[in-house]
1. Rank the residues Thr190, Thr201, Thr239, Thr302 as a footprinting-exposure proxy: fewest other Cβ atoms within 10 Å of their Cβ go first.
2. Give the calculated FRET efficiency between Ser151 and Phe251 to the nearest 0.05, with a Förster radius of 30 Å applied to their Cβ-Cβ distance.
3. Report the net charge of residues surrounding Thr201, where surrounding means a beta-carbon distance below 9 angstrom and charges are Lys +1, Arg +1, Asp -1, Glu -1.
4. Using the charge dipole of the chain (Lys, Arg: +1 at Cβ; Asp, Glu: -1 at Cβ; taken about the Cα centre), state which of Tyr131, Gly263, Met161 has its Cα farthest towards the positive end.
5. For the chain, build the charge dipole from Cβ charges (+1 Lys, Arg; -1 Asp, Glu) around the Cα centre, then report which of Thr190, Gly53, Ser96 sits farthest towards its positive end.
6. Where Lys and Arg each count +1 and Asp and Glu each count -1, what net charge lies around Gln185 among other residues with Cβ under 15 Å from its Cβ?
7. Based only on the alpha carbon positions, what is the Kirkwood hydrodynamic radius of the chain, in angstrom?
8. When Phe140, Phe224, Phe251, Phe192 are ordered from fewest to most other Cβ atoms inside 10 Å of their Cβ, what list results?
Amino acid sequence: MDYQKILDEIYDEIQPELKRGKVADYIPALAEVEKGQFAMSLTLEDGSVYSVGESKKRFSIQSISKVYTFVLALDIYSKKLYRRVGIEPSGNPFNSLVQLEYENGIPRNPFINAGAIAITDALISHYEDEYKTLEVIMNFIREISNNKELSFDQRVAHSEMEHGDRNLALARLMKSFGNFENDVQGTVMTYFKHCAITMNTEELSRSMLFLAFGGKDPISKREFIDRSKAKRINAVMLTCGHYDASGEFAFFVGLPAKSGVGGGIAAIVPGEMSIAVWSPALNKYGNSHAGTLALEKFTTKTGLSIF
Ligand code: GLU
């Protein structure tokens, strides 16, 4: 298949959509990002990369980082993790407090904010220190990406903390139900820091390749998680990766994927490739408007989907 031709076609077709939607403005540092930008990259089994648009420009990966922390926590805790976080789609906005109250402080899944904060908390309990935990997360991302330069943006993390009342409230609510073990402020700050990791689409697609190949990176041959756990992570990406638009995303795109409010989406085609797309303007569910459409075009043009 001529992937470059397909990406070039998508790039042309997507232009009228780039100004539609709204950049995330509840995090002031993200509100400054200009609309109208677009990048898409694919990484194949042999390491070949195809890109279009601003694929060297880094952006805030935000909730896509929840995939990495889920991988780390599932590897450590196995099934015990599900005592603290469920695996069902939420059908609610990503930062909703209501469902958490009804369900006794157990977040529906690892990809809504409450679930990801509970996972960060579980990692801090394991590593016994928030700084050590952040270092483990960063080192993991550098290893799966084979890129020692990856880092996070302190300014974005602090900007989120300044407006972090809702996420702090989610953590406190979990604590009131006994589903929280560490210092709330420090844990939520660690969560903000991993959300503030910056990557470009080439780096992001490279980082997800191991999940397209049963947990084993086909280039370095390193197994980062066993096949059965990789299956579960991909399943949760499919069912919960786009918050309350996860059903719609599965319907139109048909791939396990995770979005972030920075406008990025990472997707995998099992046994074939990993894909990253970025366009900062979001739809009403908080997912990249043009990014979602570009992925829909990609699976339609190539026939590559899990269905
Ligand atoms: N750091 C963001 C928040 O907590 C993540 C949300 C997202 O990317 O969907 O609000």
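No value in this document is a laboratory result; all are computed from the given coordinates. All of these numbers come straight from a predicted model, not from anything done at the bench. Don't worry about glycine lacking a Cβ; one is built from the backbone with ideal geometry, like all the others, and counts go over all protein chains shown.
1. With the sparsest Cβ surroundings first, the list reads Thr302, Thr239, Thr190, Thr201.
2. 0.25
3. The answer is -1.
4. Tyr131
5. The Cα lying farthest towards the positive end belongs to Ser96.
6. -4
7. By the Kirkwood definition, the hydrodynamic radius is 18.9 Å.
8. Starting with the residue having the fewest Cβ neighbours, the order is Phe251, Phe140, Phe224, Phe192.
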